[in-house]
Amino acid sequence: MKTYGIGAVAERMGLSVATIRYYDEMGLLPFVKRDQAGRRRFTDDNIQLLQMILDDEFTIEVQQVRK
């Protein structure tokens, strides 16, 4: 199974590395595994799930702004 580092994921999603780290610290990425050096390793499924989470998070923020 192919895995990607945080830099590649950030570039692919149009986010900064710091943003992805922040999401991880918030507990949004418990499914992302780490290698022996402690680096996050994302699978295609992880990236798809992250995109779904971000889409939901954005929807919630928009709904709150409308209120």
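The values are calculated or read from the model by the stated rules, or taken from the named source; none is laboratory data. Quantities reported herein were computed from a predicted structural model and do not represent experimental measurements. All Cβ positions, even for glycine, are placed from backbone atoms using ideal geometry, and neighbour counts span all protein chains on display. For the accessible areas, the whole protein counts, side chains as well, though only heavy atoms, and no ligand, DNA or RNA atoms are used. Shrake-Rupley method; radii C 1.70, N 1.55, O 1.52, S 1.80 Å.
Give me the residue from segment 53-67 that is of a type outside the set (D, E, K, R) and open to solvent by 70 Å² or more (accessible area, probe 1.4 Å) and, out of that set, modelled with the highest pLDDT.
Initial filter on segment 53-67 (of a type outside the set (D, E, K, R)): 53-54, 58-60, 62-65.
The next check asks that each one be open to solvent by 70 Å² or more (accessible area, probe 1.4 Å); those that pass are 58, 60, 63-65.
On the way: Phe58: 60, Ile60: 56, Gln63: 51, Gln64: 54, Val65: 46.
The residue in question is Phe58.
Tally time: how many residues in segment 34-52 are among the polar types (S, T, N, Q) and open to solvent by 50 Å² or more (accessible area, probe 1.4 Å)? Give the derivation first.
Within segment 34-52, the first condition is being among the polar types (S, T, N, Q), and the residues that meet it are 36, 43, 46, 48, 51.
Within this subset, residues satisfying the condition of being open to solvent by 50 Å² or more (accessible area, probe 1.4 Å) are 36, 48, 51.
Counting residues in segment 34-52 that are among the polar types (S, T, N, Q) and open to solvent by 50 Å² or more (accessible area, probe 1.4 Å) gives 3.
Any chance you could count how many residues in segment 19-33 are exposed (fewer than 10 other Cβ atoms within 10 Å of the Cβ) and not hydrophobic (A, V, I, L, M, F, W, C)? Talk me through it step by step, then tell me what you get.
Filtering segment 19-33 down to residues exposed (fewer than 10 other Cβ atoms within 10 Å of the Cβ) leaves 25-27, 30.
Filter again for not hydrophobic (A, V, I, L, M, F, W, C), leaving 25, 27, 30.
Counting residues in segment 19-33 that are exposed (fewer than 10 other Cβ atoms within 10 Å of the Cβ) and not hydrophobic (A, V, I, L, M, F, W, C) gives 3.
Any residue in segment 1-12 that's within 14 Å of Val32 (Cα to Cα) and touching a residue at least 40 places away in the same chain (Cβ under 8 Å): show its pairings with residues that are outside any loop (DSSP other than H, G, I, E, B) and open to solvent by 50 Å² or more (accessible area, probe 1.4 Å) at Cβ separation under 6 Å, as long as the two are six or more apart or on different chains.
Going by the 6 Å Cβ cut-off, the qualifying pairs are Thr3/Arg41.
Looking at segment 1-18, which of its residues are touching a strand residue (DSSP E or B) at 6+ places or on another chain (Cβ under 9 Å), open to solvent by 40 Å² or more (accessible area, probe 1.4 Å) and of a type in the set (A, V, I, L, M)?
Kept after step one, since they are touching a strand residue (DSSP E or B) at 6+ places or on another chain (Cβ under 9 Å), are these residues of segment 1-18: 3-6, 8-9, 12.
Now narrow it down to the ones that are open to solvent by 40 Å² or more (accessible area, probe 1.4 Å): 3-4, 8, 12.
Passing the criteria: only Ala8.
For segment 22-44, name all the residues that are at pLDDT 95 or above and in a helix (DSSP H, G or I).
Asp44
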